[in-house]
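Here the structure is laid out as C-alpha cells; the discussion comes afterwards.
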Amino acid sequence: MATTDRRRPYLRIAEDIRRDIASGRYAVGDQLPVARELSEKYGVAMMTIGNALAVLRDEGLIETRQGAGSFVTRTPDDVEAVPAPGEHSEEFRIISEQLREIRQHMNKLTVRLDELDARTRPDQAG
C-alpha cells in the first residue's frame, strides 16, 4: 500500500529534516550532513537539496556557511528565537513579500523545468 505525497520533493525533504531537528537528532549547533550526502540519501539532485535547505534557512532553523556547511540554529518549537509577528519592521515586511514573490516565480520555473526534463528524457519517449 503506497501513499502518494503530492508535495514537491524539496518540501518533503525539508519536512523530514525539520522532524529530525525537532526530535533532537540534530541539536542546535550540530552540522547537517553535506548536500552530497543528503542528495544520495534521498535520491535527488543537489538542486533539490539546495531548495530544501533554503526552506529551512527561511524558517530560521539552519544557517549555511560558505565552505563549512549547514548548522542548526534553533528547533521548530523554539518560539523565543523568532520575534513576534508585530515586531518586524516595515522594511522587513517589504523584503519578505518580495522574497515570497521570488520564491513563487522560482517554484513556477522549477515546475516548468521538470516538465521540460520529463518531455526530453529518452526513457520517457513514447
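The values are calculated or read from the model by the stated rules, or taken from the named source; none is laboratory data. Only a predicted model underlies this, so the values are computations on that prediction, with no experimental measurement involved. Note that we place each Cβ from the backbone using ideal geometry, even for glycine, and neighbour counts take in every protein chain shown. Protein only, heavy atoms only, side chains kept; ligands, DNA and RNA dropped before computing areas. Shrake-Rupley method; radii C 1.70, N 1.55, O 1.52, S 1.80 Å.
Between Arg12 and Glu90, the FRET efficiency from the beta-carbon distance, with R0 = 35 Å, is close to 0.50. Heavy-atom accessible area for Ile102, with the other protein chains in place and a 1.4 Å probe, reaches approximately 100 Å². Accessible surface comparison of Arg112, Arg25, Arg65, probe 1.4 Å, protein chains only, largest first: the order is Arg112, Arg25, Arg65. Couplings 3J(HN,Hα) for region 94-103, derived from phi with the Karplus relation 6.51 cos²θ - 1.76 cosθ + 1.60 (θ = phi - 60°), are 5, 5, 4, 5, 5, 5, 4, 5, 4, 4 Hz, where x marks Gly and Pro.
Proximity of backbone amide H atoms, modeled 1.01 Å from N, is registered between Thr73 and Gly29, Ile62, Glu63 at under 5 Å, excluding neighbours fewer than 5 places apart on the same chain.
If R0 is taken as 30 Å, the Cβ-Cβ distance between Arg121 and Arg36 corresponds to a FRET efficiency of 0.85.
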